[in-house]
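The values are calculated or read from the model by the stated rules, or taken from the named source; none is laboratory data. Being a predicted model, the structure only gives us computed values, none of them experimental. Please note: Cβ atoms are built from the backbone with ideal geometry, for glycine as well, and neighbour counts cover all protein chains shown.
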Amino acid sequence: MHPLKVSLLSLVLAGLSLFGSAVLAITPDGETPANEGVCDGLMGGTPGLYGLCVAFCEAQDCEATLDPATGLIEFEPGCKTSDIRLLERYNSRKEPTDPDMPCVNVAANECQCWSSEELYGLANFETLFCDESPPGWALTGRTLAPWKVEYAVATPTDCLYHGADANGEEATRYQTLDGESAGVCISTIKTECTYRGF
């Protein structure tokens, strides 16, 4: 074969391989997944959960919202039947100690005891503990210099927060909750713990 033809053929093949790689990186909506990396906390956990999470949250880039009061999940119009099945498979495999699918949003996800900013700040302490203490969850941040502990605790009946408020002042809040509100508080802790790799 003529050397020029070989060079042209090589360029065409290289171009096609680059095009193929780009296509593989595109999600169904043509955008980089907003939830990229959200599944990292599942690595090394219950077998199969990490792969199902990557397929649902990143490859399919499906958006869904959980109503903590009813347990019902509403899928966005762009989701397919296969996405619903991926979530069903995830839920059927997960153990009681495993988190819910990380990229499923929780409706009205502000807890009455703390804001998302307060919970995020608490989770940035030097040492972090995530505790599932049935029937609730606790998130505790600790720093050693000077020694200080802040925490958020939620159960099906109440929530307790001890930490800094938006102005940096020490705050302690305790509230009795109904079922829906308690579900929101527990979900915010579980979500934060999942993001932190617990």
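For segment 76-125, filtered to residues that are assigned to a loop (DSSP other than H, G, I, E, B) and of a type in the set (Gly, Ala, Ser), the residue that is nearest to Thr194 (Cα to Cα) is Ala123.
Scan segment 151-178 for residues that are within 22 Å of the chain's Cα centre (by Cα) and either part of a strand (DSSP E or B) or touching a residue at least 60 places away in the same chain (Cβ under 8 Å) (or both) and the total you get is 6. Within segment 26-55, residues that are farther than 20 Å from Lys190 by Cα have Cβ atoms under 7 Å from residues that are modelled with pLDDT of 80 or more and not in a loop (DSSP other than H, G, I, E, B) in these pairs: Thr27/Ala59; Pro33/Cys57; Pro33/Glu58; Ala55/Leu86, counting only partners at least 6 apart in sequence or on another chain.
Among the residues examined, Cys103 qualifies as crowded, with 18+ Cβ neighbours inside 10 Å, in contact (Cβ under 8 Å) with a residue 24 or more places away in the chain and either within 22 Å of Gly183 (Cβ to Cβ) or out of contact with any helix residue (DSSP H, G or I) (no Cβ under 6 Å at 6 or more places or on another chain) (or both). Taking the listed residues Thr140, Thr188, the one that is of a type in the set (S, T, N, Q), farther than 30 Å from Phe75 by Cα and surrounded by 14 or more Cβ atoms within 10 Å (Cβ to Cβ) is Thr140, with no other qualifying.
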